[in-house]
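First comes the structure, then the notes that go with it.
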Amino acid sequence: MRKRLIRIVAGGVVLAVAMILRLENPLLDLAIYLVSYIIVGWDVVFKAVKNIFRGRVFDENFLMSIATIGAFFVGEYPEGVAVMLFYLVGETFQSYAVDRSRKSIAELMDIRPDYANVKHGEELVKTDPDDVKIGDIIVIKAGERIPLDGRVIEGSSMVDTSALTGESVPREITVGSELLSGCINISGVITAEVQKEFSESTVSKILDLVENASSKKSKSEQFITRFARYYTPVVVGLAVLLAVIPPLVIQGAAFSDWIYRALAFLVVSCPCALVVSIPLSFFGGIGGASRNGILIKGSNYLEALAQTEIVVFDKTGTLTKGVFNVQEIHAEQMPEQDLLELTAYAESYSNHPISLSLKRAYSKDIDNSRISDVEELSGFGVKATVDGKRVSAGNKKLMERLGIPCAADDLGGTVVHVAVDNSYAGYIVIADELKEDAIKAIRELKAANIRQTVMLTGDNESAAQKAAKALGLDKYYANLLPADKVARLEELYNEKTAKGKLAFIGDGINDAPVLARADIGIAMGGLGSDAAIEAADVVIMTDEPSKIASAIRVAKKTLGIARQNTIFSLGVKIAVLILSAMGLASLWWAVFADVGVTVIAVLNSFRALAIKKI
Amino acid sequence: MKKTFKLNGLECANCAAKMEQAIGKLEGVQNATVNFMTTKLVIEAEEDKLPAIVEAAEKIVKKIEPDVVLIKA
């Protein structure tokens with residue numbers, strides 16, 4: 001790098017001297033230009049010759065050598081040197097830019113732990129994480145990165161999961177907690193038993209995924225690769241034709257003039273700007289998203305995300321917390337708290353999620369001596385004697401069976417009707433709560449021009465309707481069995497345009513077929529869930545549905561940058577080609593169209609890398 | 001069988017694409033990717049043919065960009 005700089009400066013000075021002196025003696029004049037050319041360009045020419053012997057014609061060095069030597073032959077000494085000089089400046093700048101972007105990518109992925117403190121007896125040995133085995137005991141001190149997945153056996157602390165989730169709120173861990181590699185231990189010292197080898201640990205899996213994401217190429221990358229394969233030979237061929245044919249055909253045309261124009265073609269013939277900047281943008285987008293806890297498994301999925309028209313959600317666990325809670329108590333003869341108490345007691349022997357949520361809402365300890373004669377009626381509910389009163393709690397069918405009239409059941413959620421001593425006492429509504437950011441998620445998707453938001457659920461109609469209304473969803477389908485979900489998805493495919501894509505978001509555990517069928521399968525809550533990471537195309541590490549809108553925004557931004565680069569580089573190149581064929585653009589323009597455009601395109605793709613907070 | 005290599009000194013993105021294409025065409029290679037940004041080469045191939053493939057890949061890399069050194073990662 002430094003050597004290159006010295007050569008650029010020295011060559012530039014000699015060139016300037018030559019241009020100022022304008023020596024009368026043509027031989028001396030040529031000599032000075034040659035000196036500066038040799039200072040600047042000797043290794044380019046040398047490499048070109050070497051590569052020809054290796055059977056590699058048409059590389060950049062060769063093209064530049066021909067173009068500059070050609071300039072000398074047609075008598076344009078200053079341009080011959082200057083083109084080489086600017087080529088070198090551009091190359092230097094380009095490798096600096098590539099270097100920098102590689103560094104920022106390395107920073108993005110700087111979550112790889114360097115060592116593990118393995119406990120041997122009383123001694124701690126710093127070990128390469130690769131050499132740690134399952135069952136080994138490791139110690140993680142405050143400020144250290146957790147090297148492998150494991151379970152805490154001693155100590156408690158807070159861990160920073162932001163490297164994996166993009167979430168800045170630290171998590172609390174104590175004895176028995178799962179530890180995920182890649183997180184940072186903030187406060188106390190923790191001792192843990194290793195449960196997975198390094199290559200199977202969370203941090204390795206995530207890094208692997210991000211690094212290999214670019215092997216699944218997007219359509220725009222495929223286009224560029226294919227384009228680059230033909231572009232250089234075609235432009236070089238055109239250059240040859242341009243140098244030979246017009247002077248033969250057109251009366252009075254000078255060879256030197258047309259050769260000069262052809263040289264410009266050679267300079268523009270490298271497709272580097274495109275070949276560097278497009279994958280760089282995609283890589284940047286994927287890297288930036290992973291920083292925010294969104295893993296995108298391939299450039300193709302990033303591209304698809306940008307074209308999403310329909311977003312389909314699973315309900316439980318995705319839009320809702322998946323935890324049932326008492327939402328409403330409607331008591332007819334007694335205070336609400338008493339109704340809850342009686343019902344919680346009656347249901348206290350059951351481990352059904354509904355019973356658990358009742359007990360949670362009641363929140364006091366259950367005194368078993370107050371209950372007797374518990375009778376479970378499967379599919380209906382439960383009967384029990386509590387404090388001498390006969391309590392029946394269950395669904396509407398139970399009330400019908402007992403011949404007790406009760407309220408209608410379109411209350412949204414699961415309703416537990418309660419009768420005390422054979423007279424109706426009221427009902428309790430238990431429902432899954434919406435996630436805090438669920439409404440925001442839908443709103444942001446609409447703002448990102450998503451045409452339809454749809455919810456699929458196995459829940460009953462009233463619960464689904466209530467959630468859909470609260471969220472502002474366009475459509476919902478209730479009472480679905482897992483197999484029905486795929487069928488509904490197929491129907492929805494008819495409602496999008498040919499180019500549009502459909503994304504499905506689920507928890508990745510019991511909706512694998514739907515995830516697989518969707519254009520883009522997105523799994524939520526991927527942190528620590530291998531199944532979700534395996535099954536989906538995009539993994540959201542946290543439980544926040546609003547990250548989907550973030551992912552779509554990143555995708556759109558990245559695609560936008562890639563498109564700008566394609567249009568800009570191709571546009572400038574084609575314009576310069578046309579202008580030089582007409583004799584309107586000099587070699588200087590051609591150099592700009594080559595290295596200048598590359599540098600600008602690379603700088604532009606830096607913007608994709610800069611996606612830190614979205 | 002998947003094997004990863006580091007391509008030290010990889011500077012030209014077009015060359016990276018050419019390497020990927022040429023190595024992918026080698027006999028016994030199921031898939032080859034060159035990641036310009038992480039300068040990594042991943043070869044997926046039949047295990048018994050791998051030593052020969054790696055040797056051939058090394059030659060391809062040298063031919064396309066002579067300054068690049070292939071290192072086992």
Most exposed to least, judged by fewest other Cβ atoms within 10 Å, A:Thr318, A:Thr343, A:Thr165 sort to A:Thr165, A:Thr318, A:Thr343
Computed over region B:2-72, the Cα gyration tensor eigenvalues, each multiplied by 5 and square-rooted, give semi-axes in Å (largest first) of 18, 11, 11
Roughly how far apart, in whole Å, are the Cα centres of region A:311-384 and region A:213-234?
60 Å
How many nm separate the modelled label positions at A:Ser423 and A:Arg451, each set 7 Å beyond the Cα in the direction of the Cβ?
5.9 nm
Using a Förster distance of 56 Å, how high is the FRET efficiency between A:Thr174 and A:Lys475, based on the Cβ-Cβ distance and rounded to 0.05?
0.80
Check: C-alpha center region A:124-140 vs C-alpha center region A:254-299, spacing in Å is 43 Å
Using helices alone, I'd like the mean residue ellipticity at 222 nm for chain A: each DSSP H run of four-plus residues gives -39500 (n - 2.57), total over residue count, nearest 500.
-16500 deg cm²/dmol
Just to be sure I understand: of the beta bridges DSSP finds with both ends in the protein assembly as shown, what percent are antiparallel, rounded to 5?
80 percent
Per the rule of 0.36 nm per residue minus the C-alpha distance, extending A:Tyr96 to A:Ala142 adds in nm 12.9 nm
Highest first, please rank the peptides A:201-207, A:382-388 by the mean number of other Cβ atoms sitting within 10 Å of their residues.
A:201-207, A:382-388
Cβ-defined net charge surrounding A:Leu577, 12 Å radius [Lys, Arg +1; Asp, Glu -1]:
+1
In region A:310-362, GluC sites (Glu not before Pro) in a DSSP loop with at most 15 other beta-carbon atoms within 10 Å:
A:Glu332
One finds, for B:Lys49 and A:Ile439 with R0 = 56 angstrom and r their Cβ-Cβ distance, a FRET efficiency to the nearest 0.05 of 0.50
Give me the compactness ratio for region A:133-196, meaning the Cα radius of gyration over 2.2 N^0.38 Å.
0.97
Here, A:Asn460 and B:Val69, labelled 7 Å along Cα→Cβ, have an inter-label distance in nm of 7.2 nm
Across peptide B:11-23, what mean number of C-beta atoms from other chains lies inside 10 Å of a residue's C-beta?
6
Taking 21 Å as the cut-off for C-alpha to C-alpha distance, list the pairs among A:Lys50/B:Lys62; A:Lys297/A:Lys435; A:Lys50/B:Lys72 that go past it.
A:Lys297/A:Lys435; A:Lys50/B:Lys72
How large is the translational diffusion coefficient of the protein assembly as shown in µm² per second when you combine the Kirkwood radius over alpha carbon pairs with Stokes-Einstein at 4 °C and 1.567 mPa s?
43 µm²/s
What is the sum of charges around A:Ala468, taking Lys and Arg as +1, Asp and Glu as -1, for the other residues whose C-beta is under 11 Å from the C-beta of A:Ala468?
+1
So how much slack lies between A:Glu336 and A:Gln195, counting 0.36 nm per residue of separation and subtracting their Cα-Cα distance, in nm?
46.0 nm
Likely footprinting exposure, A:Ser277, A:Ser181, A:Ser363, fewest C-beta neighbours within 10 Å first
A:Ser363, A:Ser181, A:Ser277
Work out how much length A:Arg226 to A:Asp130 would gain on full extension: take 0.36 nm times their residue separation and subtract the Cα-Cα distance, in nm to one decimal.
30.6 nm
So the label point goes 7 Å from the Cα of A:Leu238 along Cα→C-beta, right? Which residues of region A:564-602 then have their backbone N under 12 Å from it?
A:570-582
Step through the table entries A:Lys359/A:Lys466; A:Lys315/A:Lys359; A:Lys47/A:Lys557; A:Lys321/A:Lys499; A:Lys126/A:Lys217; A:Lys475/A:Lys547, compare each Cα-Cα distance with 28 Å, and write down the pairs that go over it.
A:Lys47/A:Lys557; A:Lys321/A:Lys499; A:Lys126/A:Lys217
Where the centre of each part is set by its Cα atoms, how far does region A:467-500 sit from region A:414-441, in angstrom?
26 Å
Put in order of increasing Cβ neighbours within 10 Å, starting from the fewest, A:Leu242, B:Leu41, B:Leu26 give B:Leu26, A:Leu242, B:Leu41
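Bear in mind that the values in this text are calculations on the coordinates, not laboratory data. This structure is a prediction, so every number in the text was calculated from the model and none was measured. For neighbour counting, all protein chains shown are included, and Cβ atoms are generated from backbone atoms with ideal geometry for every residue, glycine included.
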